[in-house]
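For reference, the structure is listed below as structure tokens.
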Amino acid sequence: MKIAIGSDHAGTESKTRLVKRLTEAHHEVRDLGTNGPESVDYPDYAEAVGRAVSSGAADFGLLICGTGIGMCITANKVPGVRAAKCNDAFEARMCRAHNNANVLCLGERVLDAAVLDELVDVFLAEPFEGGRHERRVNKMNALDASTPGSSTES
Ligand code: RB5
């Protein structure tokens, strides 16, 4: 799988660990930063990962900040992105199965490292169920398509 990953300064520890884990699991990982301890602005990384996913350059995106909230709010402004902030394995599974989420947002200051890693594994493994959920996801995508300037179509 092609995975784009990004974090702000509050998520670099998790990002470094995830890049290693996912690369070892033979995923194609694109690390879009940040890679230092300096304070940075999470929207810059959320936009970069969101655009990688919406363009098709990546199958999925992973975003980590302190809470996951800022990343999620920002990523969802990129047309074609369906980002979910998850705190447990049930949410990570359901956002794929029912919402066809393509970006997972996580909070390094919220989750234990082992839980955070588990949520990534669950998210990447769970297929979209389709069926009645497809109709609902199409309605979300239609909002993107109706946004002036959006090139995304559902
Ligand atoms: C940075 O201090 C923090 O605000 C950021 O990582 C994130 O939690 C925002 O949603």
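Between Arg132, Arg109, Arg96, the GNM of the chain built on Cα springs shorter than 10 angstrom shows Arg132 fluctuating the most. Taking label points 7 Å from Cα along the Cα-to-Cβ direction, Met1 and Glu118 give a separation of 1.8 nm. Peptides 33-39, 47-53 ranked from most to least packed give 47-53, 33-39, packing being the mean of other C-beta atoms within 10 angstrom over each peptide's residues.
Using the Cβ-Cβ distance between Arg135 and Arg21 with R0 = 35 Å, the FRET efficiency computed as 1/(1 + (r/R0)^6) comes to roughly 0.50. Please say if segment 1-71 is rounded, prolate or oblate, where rounded means a/c under 1.5 for a ≥ b ≥ c the square roots of the C-alpha gyration tensor eigenvalues, and otherwise the choice is prolate for a/b larger than b/c and oblate otherwise? Oblate. When the Cα gyration tensor is reduced to axis lengths a ≥ b ≥ c, the ratio a/c is 1.5 or higher for segment 64-154, and with a/b not above b/c it is classed as oblate.
Each Cα pair under 8 Å and six or more residues apart adds its separation to the average, and for segment 1-126 the resulting relative contact order is 26 percent. Each peptide in 77-86, 121-130, 2-11 receives the mean, over its residues, of other Cβ atoms within 10 Å, and ordering these scores from highest gives 2-11, 77-86, 121-130. Helical runs (DSSP H, four residues minimum) scored at -39500 (n - 2.57) apiece and divided by the length of the chain put the mean residue ellipticity at 222 nm at -13500 deg cm²/dmol. A crude spin-label estimate for the pair Asp41 and Ser146, with each label 7 Å from Cα along the Cβ direction, gives 3.0 nm.
Given an 8 Å cut-off on Cα distances and at least 6 residues of separation, report the relative contact order of segment 83-122 as a percent. The partial results should precede the final answer.
Details: 37 pairs, mean separation 20.6, N = 40.
Here the relative contact order equals 52 percent.
Relative contact order (percent) for segment 13-81, with alpha-carbon contacts under 8 angstrom and 6 or more residues of separation?
That works out to 29 percent.
Give me the percent of DSSP beta bridges within the chain that run antiparallel, rounded to the nearest 5.
Details: 0 of 17 bridges.
Of the beta bridges lying entirely in the chain, close to 0 percent run antiparallel.
Within the chain, which DSSP H helices have Cα atoms that stretch 15 Å or more along the helix axis and a mean Kyte-Doolittle hydropathy of at least 0.5?
Details: long enough: 12-24 (18 Å, -1.15); 42-54 (18 Å, -0.24); 113-125 (18 Å, 1.67); 132-145 (20 Å, -1.51).
Helix filter hits for the chain: 113-125.
Measuring from each cysteine beta-carbon in the chain, the ones with no other cysteine beta-carbon under 4.7 angstrom are Cys65, Cys86, Cys95.
Using only the Cα atoms of segment 16-133, build the gyration tensor, take square roots of its eigenvalues as a ≥ b ≥ c, and label the shape rounded, prolate or oblate: rounded if a/c is under 1.5, else prolate if a/b is larger than b/c, else oblate. Taking the square roots of the gyration eigenvalues as a ≥ b ≥ c, segment 16-133 is rounded.
None of the figures in this text is laboratory data; all of them are computed from the coordinates on show. No experiment lies behind these values; they were computed from the predicted model shown. Positions of Cβ are backbone-derived with ideal geometry, glycine not excepted, and every protein chain shown enters the neighbour counts.
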